[in-house]
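**Student:** Input: one structure, supplied below.
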Amino acid sequence: MAVLSKIRGGVFGMIATVVIALGLLSFIIDPNEVISAFNNMSSKYDVGEINGKAISYTDFQEDVDRFSTINEMISGGAQSAAQQEQVREAAWQDLIYKHLFVRNAQDAGINVGSAEMVDLTSGDRLSPLISNNGAFLDENGNFSREALANLAQASKTDERIKLYWNYLQNSIYNQQYITKYNSLFVNSSVVNPLMLRKDIEENNNTADVEFVMVPVGYAPDTTVTVSDKEIKSYYDAHKKLFKQQASRDIEYVVFEVVPSANDIARTREAVAELQQEFSESSNLKSFLMKNGSEKPYSEYWYKAGELKTVSAEVEDFVWNGKTATSDILAKGNSFFLARVMDSKMVPDSAYVKHILIQGADAQAKADSLLGVLKAGKESFANLAALYSADKGSAADGEMGNIGWMTQNYMIPGFESVITAETGKPFVLNTAYGSHVVMVSRKTAPVAKKQVAIFERSAVASQETMNAVYSKANNFQIAAAGNYENYRKAVDTLGVYSHPVGKMLESANRLGSIENTREVTRWAFENKEGKVSNIITVDNSYFIVATVKGVHKEGFAPVNEVASSIRQELLMRKSVEKKAQDIAEKINGLTDLAEIAEKLGTAVSTRNDVAFSSLTSTGLDPKFLGAIAAAPEGEICGPLAGTIGVYVYKVTGRDTGAFFTEDDAKARDAQVNQYMTQMIIPVMMDDADVKDNRARFF
C-alpha cells in the first residue's frame, strides 16, 4: 500500500516526445453490446489495421484496460469524457509503436538490448522517466534509488505494481527507440560545406525588379475550353493528389429542444421562491449547493467590468445597486440572484515566496521554520534552499520564489495570498503539504467585491420534449425512408436541410452540435438514398438524416474531381492565352512604362527579392523563380504566372551578408525537427494504417 500511495502521490514526469498519455480511464462500453463483433471475423469488426496486422476489438480493449488500471493507480479518480478519449488514443498509440515504429526501427538496424534497459531503469544512465518520476523522490525532493528498488521489488508480488513497472519499462523501451531513430534520421540528413555555402549565397543574393502584372481574373474566358480527354490525362498524371478517405455526403434536419415560455416562467417562479432565503442565509456556499446553482460559491474578488461575462445585469447591480441583495435578474433563459458579500481595496497580483514541507511532521517543521523567520535568524531564501521540497521555484534567481500570482494564476489553497499582509510570513496547508508563505510585494490595490451568485437556467420540460419529438416524428414519417421523399418533406413542412460534404467516419460534430457520432455511424452503415429514424443527441436535438453520396476509401473517381480539374486547367490555359495576347500587344515596345500604358495598368517595384528567403513570400512562385534567373537590365516576358501575366526587368542585384552560417544551420535544424515530427505519420501512410475506432467508440 505504501508503494501504491507513493505512485499516486508523485508527479509523473514524461518527455514530450513520448506520445503515450497518462490521463487514462477505464473503458466503459459494455462488451455485451458488441458481442456480435466477436463472432464475425470480417475486417468490418476490427478496430483497425497496423502494418498488415488486424487489430481486433478484443486486442484493443486489452490495451485500454491496461492503461485504465495504470491511471487508477496514478490518479485514483474518474475522468471526463475528453479524458476517456485520451485513454483510447493512448492505447492506439501504444499499438502503433508496438506493431509499426519499433519494427521499422529494428529493420533499420536499431536495437535496444537487455543490458541497455537495465542501465536505463536501474543503472548509471537512468531514463528521465525514472529520475524525474515523483514516485521515486525522497522527502527532500531528490531521486531515491531506495524508492526505485522498493517498487521493483514490490512488482514481484503485487500484480498492480507489476503492471505499472512494466508500463514504465515499456515507455522507456519505446522512448529509446524514438531517440535512436530520430538521431539516425537527423544525422543522415547531411548538409555538406558546398550545400551550406549555396544556401547562404542564395539567401544573401537579392534582386530589385520592376514589373507589369496583368491578372487573369475569375471571370471565365469563353474562348478557352477544356476537353474530357484533357481532364482524364491530368487525372492520370496526378492521381496521388486525389487519394481520399472513406466519407459520406449527407443532409440532415435538426429539431432542437429549447425551453418553452411556460418552462421559462416556471423557472422564474422557482427562483423567486428562493429569493428571501438567499438574502438571509448565513452559509451561502451550502445554499448554492443545496439548491443546484449553476454557478458555485466563490471567494473571488471581482473588479468593475469582470462580471459582464456572467451577466450585464449582475455587473450593473453589483456596482450600482443600492441594496446588498438583488431582485431577480434575467439574461435570456437564465435567472440570477446576486448578493454582495464584501468590498475592499485588493491588489491584482502578489509576489509570493514559499517553503514546501512534506512528510508526517510537515506541520511541526513548518511552524518551526516560521518561528525562525519571525525571529530574523535566517533569510527566507536560505531556509528554502535547505528545507523546501520544491526545488523548482526560484524566480528571479532566488530559492523559494514562486513569483507573481493572480486570482486566475493561483496554486490551489494559496488564495489568501492576495489579501495577506506584505512581509509577514505565515503557514498554509494544501494538498501538496505544509507551506511557509510570505508575500514580499503587491500591485496597487483597486476596488473589488466578493459576490455570491445564484444561477438557474430554464430547461425543457417533458411536455416540451414530447412536442419537439412529435415534430421530428412527423417529418420522419413524411420522409418515408428515401431521399426523394425526404426532399418533399423538407419543402412541405418548411424545415431547413443542412448539407454536409465528405463527412469522415471519425466525425463527432454537425455544425455547432457535438456528440453526433450516432449520426455518423448510421450514415456509414447505410446506402445512398436511405433516410434515418430519429436520432437523439444529448436529449437536446432530434435529428433525421439522409445519405446523399458515398465516397469509398482509395482514389476519388475522375467524375467526382472533374470539376476542380477543369477549373485548374481553365486557369492555366487562360493565363497562357493571356500571355500570348499580351505578347502581340506589346510587340516592339522596349520601355516598361509604355508597356504598362498599352496594357492599361501601372509599373510596380519590388526590392531585395531573395529566391530562397521567406521574406519573399507573397510573390507568385513562377515569377519569383523567373527573377532569380533573369538577366539584369533586360525586359523579360510575358511570363504566364499562377494567377496572372508578368512583364519585368531586373534593375539591380546585390550580395549581402545578413543571412549567416548560423542562420542556415538554424533553418536546417528546423527542417530536421519538422521531418522527425513527420516520421510516424509517414510510416502510417506507407503501411496503410487503418483506424476504425470510430465504428465502436
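**Student:** What pairs come out if I take residues in region 109-124 that are free of Cβ contacts under 8 Å to residues at least 24 places away in the same chain and pair them with residues that are assigned to a helix (DSSP H, G or I) and of a type in the set (Phe, Trp, Tyr) whose C-beta lies under 9 Å away, six or more apart or interchain?
**Tutor:** Taking only residues 6 or more apart or on different chains, the pairs are 111/177.
**Student:** OK, next. Could you list all residues from region 387-397 that are without any contact (Cβ under 8 Å) to a residue 24 or more places away in the chain and touching a strand residue (DSSP E or B) at 6+ places or on another chain (Cβ under 9 Å)?
**Tutor:** Going residue by residue through region 387-397, those that are without any contact (Cβ under 8 Å) to a residue 24 or more places away in the chain are 392, 394-397.
The answer is 394, 395, 396.
**Student:** Would it be correct to say that residue 280 is within 30 Å of residue 535 (Cα to Cα) and acidic (Asp, Glu)?
**Tutor:** Details: within 30 Å of residue 535 (Cα to Cα): no; acidic (Asp, Glu): yes.
For residue 280, the condition - within 30 Å of residue 535 (Cα to Cα) and acidic (Asp, Glu) - is not met.
**Student:** Assess whether residue 142 counts as being of a type in the set (S, T, N, Q), within 30 Å of residue 391 (Cβ to Cβ) and out of contact with any Pro (no Cβ under 9 Å at 6 or more places or on another chain).
**Tutor:** Criteria met by residue 142.
**Student:** Of all residues in region 199-241, how many are surrounded by fewer than 11 Cβ atoms within 10 Å (Cβ to Cβ), free of Cβ contacts under 8 Å to residues at least 60 places away in the same chain and assigned to a loop (DSSP other than H, G, I, E, B)?
**Tutor:** Residues meeting the conditions: 4.
**Student:** In addition: Just the residues that are under 41 Å from the mean Cα position of the chain (by Cα), among the basic types (Lys, Arg) and either over 20 Å from residue 433 (Cβ atoms) or modelled with pLDDT under 95 (or both), please, taken from region 343-378.
**Tutor:** 344
**Student:** Here is a further query. Return the residue satisfying two criteria in turn: it lies in region 105-145 and is among the acidic types (Asp, Glu) and at pLDDT 90 or above, and of such residues it is farthest from residue 175 (Cα to Cα).
**Tutor:** Out of the qualifying residues, it is 107.
**Student:** Among the residues of region 499-528, write down those that are touching an Asp or Glu at 6+ places or on another chain (Cβ under 8 Å) and small (Gly, Ala, Ser).
**Tutor:** 501, 506
**Student:** Quickly run through region 170-197 and pick out the residues that are more than 18 Å from residue 673 (Cβ to Cβ), in the same structural domain as residue 110 (by TED's automatic domain parsing) and not polar (S, T, N, Q).
**Tutor:** Correct list: 172, 173, 177.
**Student:** Given the residues 687, 630, 640, which is the only one that is under 30 Å from residue 517 (Cβ atoms) and touching a strand residue (DSSP E or B) at 6+ places or on another chain (Cβ under 9 Å)? Spell out the reasoning first.
**Tutor:** Numbers: 630 fails: under 30 Å from residue 517 (Cβ atoms); 640 fails: under 30 Å from residue 517 (Cβ atoms).
Going through 687, 630, 640 in turn, the sole match is 687.
**Student:** What about residue 118, is it farther than 20 Å from residue 50 by Cα and assigned to a loop (DSSP other than H, G, I, E, B)?
**Tutor:** Here the answer is no, as residue 118 does not meet what is asked.
**Student:** Follow-up question, since we're still on this one. Have a look at 434, 440 and point out the one that is part of a strand (DSSP E or B), crowded, with 17+ Cβ neighbours inside 10 Å and polar (S, T, N, Q). Show your work before the answer.
**Tutor:** Details: 440 fails: crowded, with 17+ Cβ neighbours inside 10 Å.
Being part of a strand (DSSP E or B), crowded, with 17+ Cβ neighbours inside 10 Å and polar (S, T, N, Q) holds for just one of 434, 440, which is 434.
**Student:** A further question on this structure: Residues in region 444-457: is at least one over 30 Å from residue 342 (Cβ atoms) and touching a strand residue (DSSP E or B) at 6+ places or on another chain (Cβ under 8 Å)?
**Tutor:** Looking through region 444-457, none of the residues is over 30 Å from residue 342 (Cβ atoms) and touching a strand residue (DSSP E or B) at 6+ places or on another chain (Cβ under 8 Å).
**Student:** Oh, and also: When you scan region 246-261, do you find a residue that is of a type in the set (D, E, K, R) and under 30 Å from residue 619 (Cβ atoms), even just one?
**Tutor:** No: zero hits.
**Student:** Name the residue, out of 344, 303, 374, 308, that is of a type in the set (D, E, K, R), closer than 30 Å to residue 276 by Cα and without any contact (Cβ under 8 Å) to a residue 60 or more places away in the chain.
**Tutor:** 308
**Student:** Right, next: As an exercise: evaluate residue 161 against (1) modelled with pLDDT of 90 or more; (2) assigned by TED's automatic domain parsing to the domain that holds residue 127 and give the number of the one condition it does not meet.
**Tutor:** Only one criterion is unmet by residue 161, namely (1).
**Student:** Among the residues of region 443-455, write down those that are in contact with an Asp or Glu (Cβ under 6 Å, 6 or more places away or on another chain) and in a strand (DSSP E or B).
**Tutor:** Those that are in contact with an Asp or Glu (Cβ under 6 Å, 6 or more places away or on another chain) and in a strand (DSSP E or B): 450, 455.
**Student:** Taking residue 608 as the residue in question, decide whether it is surrounded by 12 or more Cβ atoms within 10 Å (Cβ to Cβ), at pLDDT below 95, on the phi > 0 side of the Ramachandran plot and not aromatic (Phe, Trp, Tyr).
**Tutor:** On the way: surrounded by 12 or more Cβ atoms within 10 Å (Cβ to Cβ): yes; at pLDDT below 95: yes; on the phi > 0 side of the Ramachandran plot: yes; not aromatic (Phe, Trp, Tyr): yes.
When the stated conditions are applied, residue 608 passes them.
**Student:** Sticking with this one: Name the strands (runs of 3 or more DSSP E) wholly within region 323-424 that hold at least 1 residues that are surrounded by 17 or more Cβ atoms within 10 Å (Cβ to Cβ) and small (Gly, Ala, Ser)?
**Tutor:** Answer list for region 323-424: 334-346, 349-357.
**Student:** When region 141-168 is examined, which residues are found to be surrounded by 18 or more Cβ atoms within 10 Å (Cβ to Cβ) and in contact with a Ser or Thr (Cβ under 8 Å, 6 or more places away or on another chain)?
**Tutor:** 148, 161, 164, 165, 168, listed by residue number.
**Student:** Considering region 518-571 alone, what residues qualify as being basic (Lys, Arg) and touching a residue at least 60 places away in the same chain (Cβ under 8 Å)?
**Tutor:** 521, 548, 552, 566
**Student:** While we're on this one: Right, residue 283: assigned by TED's automatic domain parsing to the domain that holds residue 340, of a type outside the set (D, E, K, R) and surrounded by 13 or more Cβ atoms within 10 Å (Cβ to Cβ) or not?
**Tutor:** No.
**Student:** Sticking with this one: So residue 249 clears everything in (1) out of contact with any helix residue (DSSP H, G or I) (no Cβ under 7 Å at 6 or more places or on another chain); (2) surrounded by fewer than 16 Cβ atoms within 10 Å (Cβ to Cβ) except one condition, right? Which one?
**Tutor:** (2)
**Student:** Among the listed residues 105, 91, 135, which satisfies the condition of being under 30 Å from residue 366 (Cβ atoms) and buried (at least 19 other Cβ atoms within 10 Å of the Cβ)? It would help to see each step written out before you state the result.
**Tutor:** Values: 105 fails: under 30 Å from residue 366 (Cβ atoms); 91 fails: under 30 Å from residue 366 (Cβ atoms).
None of the others qualify; the one that does is 135.
The values are calculated or read from the model by the stated rules, or taken from the named source; none is laboratory data. Quick caveat, the model's predicted, so the values are computed rather than measured. Counting neighbours? That spans all protein chains shown, and the Cβs are built from the backbone with ideal geometry, glycine included.
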